[in-house]
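Notes for the one structure printed next.
The values are calculated or read from the model by the stated rules, or taken from the named source; none is laboratory data. Since we're looking at a predicted model, the values are computed, not measured. Glycine also receives a Cβ, built like all others from the backbone with ideal geometry; neighbour counts cover every protein chain displayed. Note: accessible area is taken over every heavy atom of the protein model, side chains too, but ligands, DNA and RNA are not part of it. Shrake-Rupley method; radii C 1.70, N 1.55, O 1.52, S 1.80 Å.
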Amino acid sequence: MTSIHTIRPDNRRTWTRARNSRGRFAIVLAAMAAASAGWAIAKPLLGIDLTVATGAGTTTVEALTATLVSLGAGFAAWALLAVLERLTSRARTVWTVIAVVVFLVSLTGPLGAVTTAGMVALMTLHTVVAVILIVGLRHFTSAPEGGRS
């Protein structure tokens, strides 16, 4: 007789995938919320000018931009992790290296800020979003590497 609480291997895989998907979605939303909150603190509350010099002039980072870019980065990171999980047994490691490199490259954008305070604020926003995504999504990988979770 089978207990009602027994988890069969097939059910365990399904449960793990569902848990990972919910967790990954929550991490992406947390990164988006952090970017929005950081923007709200920097721009309206502290009055920091979030204008960046571009090849075509200047661009001011608005709330919607910070929100949508962080959301896009989160979903792109999730998608890359999902693809790597299907392609390699070292998905967590490969993904982390790629994520850190992308984060470091992303820091070149804030270097174009027109004020030092703006540069620091934008670098802080990039760092907060990256830390949430990298640490959070690593936690929800399907198969731990090296026997660790």
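Return the only residue of Val101, Val94 being exposed (fewer than 15 other Cβ atoms within 10 Å of the Cβ) and free of Cβ contacts under 8 Å to residues at least 12 places away in the same chain. Show your work before the answer.
Values: Val94 fails: exposed (fewer than 15 other Cβ atoms within 10 Å of the Cβ).
Unique residue meeting the criteria: Val101.
Sub-8 Å Cβ pairs linking a first residue in the range 113-140 that is of a type in the set (Phe, Trp, Tyr) to a second residue that is open to solvent by 50 Å² or more (accessible area, probe 1.4 Å), at least 6 apart or interchain, are Phe140/Arg19, ordered by first then second residue. Checking each residue in the range 44-88 for being more than 17 Å from Val100 (Cα to Cα), touching a Ser or Thr at 6+ places or on another chain (Cβ under 9 Å) and among the polar types (S, T, N, Q) picks out Thr51, Thr58, Thr59, Thr60, Thr65, Thr67.
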